[in-house]
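Every number here is computed from the coordinates shown, using simple stated rules; none is lab data. Remember, predicted model here, so these are calculated numbers, not experimental data. Neighbour counts are summed over all protein chains in view; Cβ atoms, including those assigned to glycine, are modelled from backbone coordinates with ideal geometry.
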Amino acid sequence: MTEPFDLNHTDRLLTTTRAVRKRLDLNRPVPRELITDCIRIACQAPAGSNLQRWRWVVVDDPTLLAGLAELYRRAYEPYIAMQKTAVDTSGRTGVGAIMDSSDYLSSILHKVPAVVIPCSLGLPVGNQGQVAGFYGSVLPAVWSFMLAARSRGLGTAWTTLHLEYEAQARDLLGIPDTVTQVALTPVAYYTGDAFKPGSRRPAEEITYFNGWKS
């Protein structure tokens, strides 16, 4: 008989794996072996036709980190300016803390112990279903990596802004032009352990059975 999961533990992991920015420990090195352990877990994620076309580029060289951080900031500055303008004109509240932590991550990205760039062999081409299948065969593995990291005391944050300069990042890291970068996540030990579930709409409001609910 299969041993049942401890739902208290699994639910806590799934509901408290947050984007970590301000609480990344910039002074504590992350062993490569620990990152590899997380990737080993991530590679149990499902993949279309079980092709397992994911690849993982781990960057812990200070010069390369500085280069990636510069590309990230180049994309971040106009992006966040547009976001702040949209918030100011819409009157939305409660997003200031997120923007503040995003500003912080942009300013210290070159100092993190490592970043991981998950990739997939090939390029997303074809119809909507084929493109969805392409990304659907790698993104679950990225989330599994982040969950594995959280359970080992590591903080991560899913970012994609560097992809605006994907070609430059490719050149910097020697990634072939037949490979697709799908994200970039900083990896560091996190400080404290007070992560809580985020504020979300009730599942009952956003779940429709047997058809769309208008």
Among [x] 50, 46, 41; [y] 40, 40, 34; [z] 48, 38, 29, the value of Cα extents along the principal axes in Å computed for this structure carries the label [x]
Per its Cα gyration tensor (rounded if a/c is under 1.5, else prolate when a/b beats b/c, else oblate), the range 135-178 is best filed as prolate
May I ask you to derive the FRET efficiency for Arg32 and Trp143 from their Cβ-Cβ distance with R0 = 25 Å, giving the value to the nearest 0.05? 0.70
Ratio Rg/Rh [Cα only; Rh per Kirkwood] for the range 1-102: 1.05
Per the 1/(1 + (r/R0)^6) rule, R0 = 45 Å and r from the Cβ atoms of Asp61 and Thr2, FRET efficiency to 0.05 is 0.55
With +1 assigned to the C-beta of every Lys and Arg and -1 to the C-beta of every Asp and Glu, and no other charges, what is the dipole magnitude of the range 1-125 about the Cα centre in debye, to the nearest 20? 200 debye
CD proxy, 222 nm, the chain: helix-only mean residue ellipticity via -39,500 (n - 2.57) per DSSP H run with n ≥ 4, per residue, nearest 500, stands at -14000 deg cm²/dmol
The alpha-carbon center of the range 13-74 and that of the range 164-195 are separated, in whole Å, by 7 Å
